[in-house]
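Here's the structure, in structure tokens; my notes come after.
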Amino acid sequence: MSFVIASQVALWVALLVLGVVCMALARQIGVLHQRIAPAGALSLSQPLKLGEPTPEMNLAALDGSAVKIGGVRAGRSQLLLFLSPDCAICEALLPAVRSAHGAERAWLDIVLASDGEPQQHVEFVREKGLGKIPYVISERLGRSYGVAKLPYAVLIDEAGKLSATGLVNTREHLESLFVAKERGVSNIQQYLGQRDQRRVSGE
């Protein structure tokens with residue numbers, strides 16, 4: 001009888017110790033979550049620099065409508081998202097793109113861009129429900145921004161100047177471009193680097 005009581009007491013003690021350990025681990029995870037900043041869109045070699053005027057282009061969308069790229073836009077920014085129907089990551093990003101198209105419509109115009117045979121893209125737009133977002137086919141547009149990997153995004157500000165760029169593999173990457181614009185940097189990595197430098201210098 002005493003053995004059973006002792007074993008039960010030992011089990012309760014072990015359970016309490018396990019609970020304390022779990023609470024300590026949860027606290028440490030919370031601390032790490034606060035210290036680790038979210039990864040932003042990865043910026044690649046870009047022919048244009050932050051703040052430089054972007055090339056103005058007048059292109060035709062797949063539906064025949066006129067789409068102006070760059071230039072002064074009366075209080076509205078423009079996001080160019082380069083993608084491909086054959087890109088699995090691009091497809092996975094589409095829900096975030098549709099969400100941003102609605103949530104950020106007060107200040108942002110989104111344009112989808114690619115190259116290749118138009119018919120493939122027409123089918124892609126229909127299958128993925130992208131009819132409300134302008135979609136242009138232009139190899140020249142991609143070359144002008146040095147697009148080498150997909151999905152790649154370019155954010156142009158209201159004055160037609162380059163605001164932020166980067167590879168956007170996730171919703172967080174896409175949203176980081178908007179944060180970069182608010183911070184006045186080309187990408188989140190640049191902002192974090194500047195912040196770390198300020199900390200080192202004691203500012």
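Derivation of every value follows stated rules applied to the coordinates shown; laboratory data play no part. All values derive from a computational prediction rather than experimental measurement. Quick reminder, even Gly has a Cβ in these numbers, built from the backbone with ideal geometry, and neighbours come from all protein chains shown.
A few points about this structure:
- Rounded to the nearest 0.05, the FRET efficiency derived from the C-beta distance between residue 25 and residue 58 at R0 = 45 Å is 0.20.
- Entries of 49/181; 128/181; 128/161; 49/161; 68/161 with Cα pairs more than 19 Å apart: 128/181; 128/161
- Distance (nanometres) between label positions extended 7 Å along Cα→Cβ at residue 159 and residue 88: 4.3
- Residue 149-residue 74 pseudo-label distance in nm [points 7 Å out on the Cα-to-Cβ vector]: 3.9
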